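What follows is a single structure, written as structure tokens, with notes after it.
The values are calculated or read from the model by the stated rules, or taken from the named source; none is laboratory data. From a predicted model like this one, the values you see are computed outputs, not experimental measurements. Here the Cβ is made from the backbone with ideal geometry for all residues, glycine too, and neighbour counts use every protein chain on show.
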Amino acid sequence: MHAVALKRFPVGVPCAEDFVIVANDVPSGDAGARLRVRYLSLDPYLRGVMSGRHMGHSMALGDVVPGGGVAEVIDSTTPEFVRGEFVQGETGWREEAFLPADRLRKLPPDVPPSTALGVLGMPGLTAFAGVRDILQPREGETVVVSAALGPVGSTAAQLAQRAGARVVGIAGGAKKCAMALKFLGYDACVDYHRDDFGPALQLACPNRIDCYFDNVGGRVLETVLQHLNLRARVVLCGLMDQYNKSERPPGPNLGPVIAARATLTGLVVYDHFARLPAMLDELVPLVRSGRLKYLEDVAYGIQATPDAFARLMRGENIGKAIVAL
């Protein structure tokens, strides 16, 4: 059995050589389960962990990379979990793990297990809290979502659509924009790589923007802020634009926020775990019936994990990045 450890601290965009495959020593314990990991979750926040900028985690060289996983129980010291059952927990990037029972979550029945890392996991909860609890879009309003094909953005967009909003996506490249329109049903999608990104966004939002779910920050956020409606609401969720930079860039200029009397709210999913049952109650039936669509970008095998993470941080993934083991 193997795991992925941090070999050197990444400089700029991570590369596969920043990591090393090591032997996986699995501890044992009481009131828990030994797990065979089947899916690893790759998430942009881990780049901040590797740089020492994350609020909840830190890493040293040689540490196994943290992160969520879906696993099969292969042995259990608690009656709560039985051999052969699938669970979700913070396994780290390893093929086998042992976790206490209070750190494991049973999976909803009759849905693909991998969805517990995306649309029915932390990304789905992030989108649910941002749309349902913070933005609260109303029928006929214009909602803009950046990282439109990511697991947070795509779920947020569909929840906004279900509220009756007109939803405009922002994505990188014509291919991603086309997929956002065809597969996820965005009303429009704007490529932020375009030289005329600002005018194109204005054209896609003729009535300006009532709600913005921001997953990237930087130039995209700065541009969107120029097009807010009066009393607009903005969720600040991700900073993909900054994760690979050693220093935080200046800006953005928040003058337009003041002019629009807008509300900006920082969203950290850890504050919303109490909403997980409500999120699952609403989203699980939608996933089962196919009314809530999701995308997965799947790599295969523990050896492929470092390169898959590098692809994610280069923005080359389409959908939730996972590794099938």
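When the residues of the stretch 291-324 are narrowed to those that are in a strand (DSSP E or B) and not hydrophobic (A, V, I, L, M, F, W, C), which ends up surrounded by the most Cβ atoms within 10 Å (Cβ to Cβ)? If you could, list the steps in order and put the result at the bottom.
If we filter the stretch 291-324 for residues that are in a strand (DSSP E or B), which is where we start, we get 296-300, 320-324.
Add one more test, that the residue is not hydrophobic (A, V, I, L, M, F, W, C), and what stays is 296-297, 300, 320.
Details: Glu296: 19, Asp297: 20, Tyr300: 12, Lys320: 28.
Among them, the one singled out is Lys320.
Could you give me the residue pairs with C-beta distances under 8 Å whose first residue belongs to the stretch 1-30 and is within 17 Å of Gly62 (Cβ to Cβ), whose second residue is assigned to a loop (DSSP other than H, G, I, E, B) and of a type in the set (Asp, Glu) wherever it lies, and which are 6+ apart or on separate chains?
His2/Glu95; Ala3/Glu95; Ala5/Asp63; Leu6/Asp63; Asn24/Glu95
Scan the stretch 3-50 residue by residue and report those that are closer than 12 Å to Ala97 by Cα, in a strand (DSSP E or B) and touching a Lys or Arg at 6+ places or on another chain (Cβ under 7 Å).
Hits for the stretch 3-50 are Ala3, Val37.
How many residues does the stretch 139-175 hold that are surrounded by fewer than 24 Cβ atoms within 10 Å (Cβ to Cβ) and either within 13 Å of the chain's Cα centre (by Cα) or within 22 Å of Arg314 (Cα to Cα) (or both)?
Selection size over the stretch 139-175: 4.
Identify the residue in the stretch 82-117 that is in contact with a Leu (Cβ under 8 Å, 6 or more places away or on another chain) and of a type outside the set (A, V, I, L, M, F, W, C) and, among all such residues, is surrounded by the most Cβ atoms within 10 Å (Cβ to Cβ).
Thr91
For the stretch 287-297, how many residues meet the condition of being touching a residue at least 60 places away in the same chain (Cβ under 8 Å) and either among the hydrophobic types (A, V, I, L, M, F, W, C) or farther than 14 Å from Gln158 by Cβ (or both)?
The initial filter retains those residues of the stretch 287-297 that are touching a residue at least 60 places away in the same chain (Cβ under 8 Å), namely 287-288, 292-296.
Filter again for either among the hydrophobic types (A, V, I, L, M, F, W, C) or farther than 14 Å from Gln158 by Cβ (or both), leaving 287-288, 292, 295-296.
Matching residues across the stretch 287-297 total 5.
All but one of (1) in a helix (DSSP H, G or I); (2) assigned by TED's automatic domain parsing to the domain that holds Arg311 hold for Ala160, so report the exception by its number.
Condition not satisfied by Ala160: (2).
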